[in-house]
1. Kindly provide the set of residues from segment 115-125 that are assigned to a loop (DSSP other than H, G, I, E, B) and free of Cβ contacts under 8 Å to residues at least 60 places away in the same chain, ordered by number.
2. Kindly indicate which of Val93, Val99, Val87, Val76 is farther than 27 Å from Pro207 by Cβ, outside the structural domain of Ile152 (by TED's automatic domain parsing), within 16 Å of the chain's Cα centre (by Cα) and not small (Gly, Ala, Ser).
3. Please go through segment 47-67 and give me each residue that is at pLDDT 95 or above and within 25 Å of Met198 (Cβ to Cβ), ordered by number.
4. Pick from segment 250-277 the residues that are touching a Leu at 6+ places or on another chain (Cβ under 8 Å) and in a loop (DSSP other than H, G, I, E, B): which of them is surrounded by the most Cβ atoms within 10 Å (Cβ to Cβ)?
5. Considering every residue within segment 237-249, establish whether at least one is assigned to a helix (DSSP H, G or I), buried (at least 23 other Cβ atoms within 10 Å of the Cβ), out of contact with any Gly (no Cβ under 9 Å at 6 or more places or on another chain) and not assigned by TED's automatic domain parsing to the domain that holds Ala24.
6. Looking only at segment 1-46, count how many residues are assigned to a loop (DSSP other than H, G, I, E, B), small (Gly, Ala, Ser) and modelled with pLDDT of 95 or more.
7. Which residue is farthest from Gly132 (Cα to Cα), if the candidates are limited to segment 160-189 and must be among the hydroxyl-bearing types (Ser, Thr, Tyr) and surrounded by 14 or more Cβ atoms within 10 Å (Cβ to Cβ)?
8. Tell me the residue from Gly146, Gly109, Gly132 that is farther than 26 Å from Thr50 by Cα, modelled with pLDDT of 95 or more, crowded, with 18+ Cβ neighbours inside 10 Å and out of contact with any strand residue (DSSP E or B) (no Cβ under 8 Å at 6 or more places or on another chain), please.
Amino acid sequence: MIRSGLIGRSILSSRSPWLHEQEAKAQGLELSYELFDFNQRALADTALPTFLKGLAADGYAGVNITYPFKQIVIPVLDFLSPSATLVGAVNTVEMREGVLTGHNTDMEGFRESVRAGLGDLGGQTVLLMGAGGAGAAVASALLDCGAAIVRIADENGERATALAQRLSDLFGDGRAVASDMGRLSTADIHGIVNATPMGMAAHPGLPLDPDLIEARHWVADIVYFPLETELLRVARQKGCHTLDGSGMVIAQAARAFAIITGHAANIDRMRQSFLQA
């Protein structure tokens with residue numbers, strides 16, 4: 001039995017167990033995928049190191065990591081893959097004989113979603129809401145897809161500034177800049193991406209003032225439960241081209257499945273499983 005799961009907060013509605021278990025079943029693998037919700041278990045963030053190492057000791061093959069642990073998990077790990085090093089965040093932990101290796105499949109997932117749903121972003125300026133672990137992956141993907149500038153806004157201004165500096169060091173000076181949440185403007189923006197928890201079933205609402213969204217913008221959300229977030233609903237009503245979170249979650253899940261199980265996933269089959277769920 002391959003034992004795996006997801007660690008995060010407010011995750012009991014996650015579709016990940018269905019996606020991973022259905023793919024394993026199709027391949028003739030025995031796999032269990034559990035939800036480790038720190039809210040439900042009344043665990044503090046400081047419990048993460050002991051909890052994660054406990055799973056490894058119990059023979060788990062790996063786990064996915066989500067909000068709010070994608071960055072704070074890094075000091076707990078023994079190694080980082082190139083993807084996690086580039087992004088500075090981890091969403092998949094591979095467990096082999098007690099050794100914990102962090103990977104990031106969010107960047108690849110969002111990059112594939114953008115390429116399929118939006119095409120080349122060459123020369124575009126994109127406003128990114130959120131500078132956490134998911135935001136770091138999304139920003140890296142946007143720049144890798146050709147965006148000229150990514151403007152990063154976060155309630156934690158220091159976090160936005162730090163991410164912008166890190167990305168500028170990696171991709172080129174001025175490619176990423178921090179934006180003041182209190183003085184947001186979309187005058188020079190081509191697209192808007194939400195990489196915050198805002199819009200999730202457990203965190204309803206919008207990540208920015210709806211008056212900043214115009215028909216000329218494309219709008220993307222990484223939230224996938226619900227698929228039509230309040231942000232996407234407002235954007236569609238205004239005539240924007242929109243991109244929901246399904247493409248990212250399916251692509252990143254397929255890569256995570258391969259890391260955890262050692263077996264390549266069939267992404268088309270996982271897409272059908274997602275739609276069934």
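1. If the condition is that a residue be assigned to a loop (DSSP other than H, G, I, E, B) and free of Cβ contacts under 8 Å to residues at least 60 places away in the same chain, then Gly119, Asp120, Gly122, Gly123 are the ones that fit.
2. From the options Val93, Val99, Val87, Val76, the qualifying one is Val93.
3. Correct list: Leu48, Val63, Asn64, Ile65, Thr66.
4. The selected residue is His263.
5. Scanning segment 237-249, I find no residue that is assigned to a helix (DSSP H, G or I), buried (at least 23 other Cβ atoms within 10 Å of the Cβ), out of contact with any Gly (no Cβ under 9 Å at 6 or more places or on another chain) and not assigned by TED's automatic domain parsing to the domain that holds Ala24, so the answer is no.
6. Count: 3.
7. The selected residue is Thr186.
8. Gly109
The values are calculated or read from the model by the stated rules, or taken from the named source; none is laboratory data. Everything numeric in this text was worked out from a predicted model, so none of it was measured. A quick note on method: Cβ atoms are made from the backbone with ideal geometry, for glycine too, and the neighbour counts reach across all protein chains shown.
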